Amino acid sequence: MRAGDDITKRTIRMVLAAIKQTEIDRQVTLDEAAILGIIQKEIKTRRESLEEAHQASRPDLVAAADSEINVLKGFLPEELSDNDLMALAKEAVSECGAVSPADMGKVMKILLPRVQGRAPGDRISQAVRHLLQK
């Protein structure tokens, strides 16, 4: 904050407000996994805003959303590579004995806690869907 970086300051304040609001709504103190989930949710929101700004031809909003995403990514652990994600997904599929796309919920229940904060939910579900459709 002392550096005068308004984008970083604004982004951190928004995330802290989202965390505090979730704690108030649920009446619990969030653990690290829940906080990482909130940060991922905020990134997803910014990506949606980024797409809308592109469609509206608003380069100022595109730049703002992109810089906020970069700030938020700094608080997440290193993202899993596609190979690592597929390996974890294969492990979860074999662990629960899933054989069809109908078993996707079982696999996701096992896999999500293992990759929390290291991969977005859409990438995780794509990997699982890919494995179960084979």
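Summary of computed values
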{"quantity": "Projected-area average for the range 82-132 over all orientations - Cα convex hull basis, square nanometres", "calculated": "2.9"}
{"quantity": "Calculated [θ] (222 nm, deg cm²/dmol) that DSSP helices of n ≥ 4 give over the chain, each run adding -39,500 (n - 2.57)", "calculated": "-24500 deg cm²/dmol"}
{"quantity": "Whole-number Å³ per residue for the convex hull built on Cα positions in the chain", "calculated": "143"}
{"quantity": "Virtual spin-label span in nm between N70 and R10, 7 Å along Cα→Cβ", "calculated": "1.5"}
{"quantity": "Lysine pairs within the chain, Cα separation less than 27 Å, 8 or more sequence positions apart or different chains", "calculated": "23"}
{"quantity": "Measure of compaction for the range 6-73 (Cα Rg per 2.2 N^0.38 Å)", "calculated": "1.21"}
{"quantity": "The range 31-134: GluC sites (Glu not before Pro) in DSSP coil with no more than 16 other Cβ atoms inside 10 Å", "calculated": "E78, E79"}
{"quantity": "Cβ-derived FRET efficiency at R0 41 Å, V99 paired with E48, nearest 0.05", "calculated": "0.75"}
{"quantity": "The chain: DSSP helices with Cα axial extent of at least 18 Å and average Kyte-Doolittle hydropathy no lower than -1.0", "calculated": "6-26, 32-55, 59-73, 82-96"}
{"quantity": "Debye, to nearest 20: dipole size of the chain, +1 on Lys, Arg Cβ, -1 on Asp, Glu Cβ", "calculated": "180"}
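None of the figures in this text is laboratory data; all of them are computed from the coordinates on show. Here the structure is a predicted model, which means the values were calculated and not measured. Glycine also receives a Cβ, built like all others from the backbone with ideal geometry; neighbour counts cover every protein chain displayed.
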